[in-house]
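Here the structure is laid out as C-alpha cells; the discussion comes afterwards.
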Amino acid sequence: MDSDTSNLTLKKSFFTFASGKKYLALAFALARSYRFHNGTSIPFSIISNKDFSLPWDLTWVNKTIVSQNILGPGLEFKLHLLDIAPTDESIFIDADSLIYGSISNLFSLFNKQTVNVIGLKVTDGIFVDEDVESACKEFDLNYMVRYCGAFYYLIKNKIGKDIFDYANELYLSGRKFQHNENTMYDEPILSIALSKFRVDPLADDGKIWGDLAQWEYKNQLNIFKFPPVFNNIANATNYKFWLPIGEYSPKILHVGSGNYNKKPWLFDSVRLKLHYKLLLPVNLSDWLVKIIVIPLYQLARKLLR
C-alpha cells in the first residue's frame with residue numbers, strides 16, 4: 001500500500017547542488033537571494049560532491065558532501081535528487097538561478113503525494129529530442145511532461161522512490177536519450193518516469209518560475225527593488241505557446257550558467273554580495289552597482305568588441 005503523506009506535517013527545505021568554483025559562486029548568489037526575500041526560517045542547503053568553504057555571511061546555509069561515486073558525473077546527480085534531498089519534503093532549485101520574491105508558500109501548491117515539477121502535459125510535437133507521440137507508444141504513456149529540470153518538488157515516499165527507481169532503470173537501459181559530449185540530460189528520462197506514474201505537473205503560469213533564455217524582459221533586473229517583468233510576445237522566437245500573451249513576473253529566475261559573470265546575473269550577485277558580505281545598506285549597495293559596476297561592465301564590453 002502506498003504511503004499517504006498528504007496530511008503529515010513534514011520538515012521542509014530548499015536546496016541546490018554545486019560542484020566547482022563557478023557553480024559554487026552561482027549557488028552562493030542563489031542562497032543570498034533566497035535569504036533576502038525569504039529569511040532563513042525554512043532551511044537552505046548546498047550539496048556538493050567535493051568539500052568547500054562557505055563565505056562568512058552564509059554560515060546559516062547547511063552544507064552536505066556526497067561522494068561522486070554515488071552521484072556520478074555531470075547531471076547524473078539529478079537522478080539521485082530524492083536520495084540527497086535534505087528533508088522529507090524539499091524543493092530543488094538549480095544553482096544558476098536567482099530568487100526575486102517570497103517562495104515559502106510553494107510547498108502548499110503541491111499535494112504531497114508525489115514528486116513533481118512545473119510544466120504541462122503534451123501528446124505530440126518534439127520535446128528534448130523526443131518525438132512525443134512515438135515516445136508515448138514506446139513507453140506506454142498517455143502523455144509526456146514538458147518541463148525544465150531547474151526546479152523539482154521532492155517528497156520522500158513510495159511513489160517518489162518508484163519514480164526515481166524507474167528513471168535510473170531507464171538511464172541504465174542503454175536506450176539513447178538527449179545528451180551532450182559531457183553529460184546526460186535529466187528532462188527526457190524524468191519526464192518519461194513522471195508520465196509513467198501519471199503525475200500531473202503544476203501548471204506553468206509564469207508566476208513561479210521563468211527561464212531568462214525564453215523571455216523578453218523590459219527593464220534591467222534589480223533583485224532589491226522589483227521582480228523581473230517579462231513579456232510573452234506572439235510570434236517571437238522565444239514565445240511560450242502554453243502561456244497567454246502578456247507580462248509575467250516569476251519569483252524564481254533560471255539565469256543559466258552561460259550568464260555567469262554577465263548581466264543580469266553579475267549585477268544582482270554583486271548587489272547581494274555588497275549587502276551581505278560587506279554589510280552595506282541596500283540603497284548603498286544598489287547605488288554602487290549603478291555608478292561603478294554597470295558602467296565598468298559596459299566599458300569592458302565595448303573594449304572587447
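Overview of results
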read-out: Burial order of peptide ranges 255-266, 106-117 (average beta-carbon count within 10 Å, highest first); value: 106-117, 255-266
read-out: Estimated [θ] at 222 nm from DSSP helical runs (n ≥ 4, -39500 (n - 2.57)) normalised by residues in the chain, nearest 500; value: -8500 deg cm²/dmol
read-out: DSSP bridge pairs, the chain: antiparallel proportion in percent, nearest 5; value: 55
read-out: Helix 186-196 vs. the chain, principal-axis angle (Cα, 0 to 90°, nearest 10); value: 40
read-out: Inter-label distance, nm, simple model (7 Å from Cα along the C-beta direction), residue 11/residue 249; value: 3.5
read-out: Bins of 10 Å from zero: percent of alpha-carbon pairs in segment 57-215; value: 9, 39, 38, 12, 1, 0
read-out: Coarse-grained scattering of the chain at q = 0.14 Å⁻¹, given as base-10 log I(q)/I(0) from a Debye sum over alpha-carbon atoms; value: -1.14
read-out: Contour excess over end-to-end distance, with Cα ends at residue 54 and residue 277 and 0.36 nm allotted per residue; value: 79.1 nm
read-out: For segment 100-177, alpha-carbon Rg relative to the globular expectation (2.2 N^0.38 Å, N residues); value: 1.25
read-out: Cβ crowding within 10 Å averaged over residues, with 186-194, 121-129 ranked highest first; value: 186-194, 121-129
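Computed from the coordinates by the stated procedures, all read-outs in this text should not be read as laboratory data. What you are looking at is a predicted structure, and each value in this text was computed from that prediction instead of being measured. Here the Cβ is made from the backbone with ideal geometry for all residues, glycine too, and neighbour counts use every protein chain on show.
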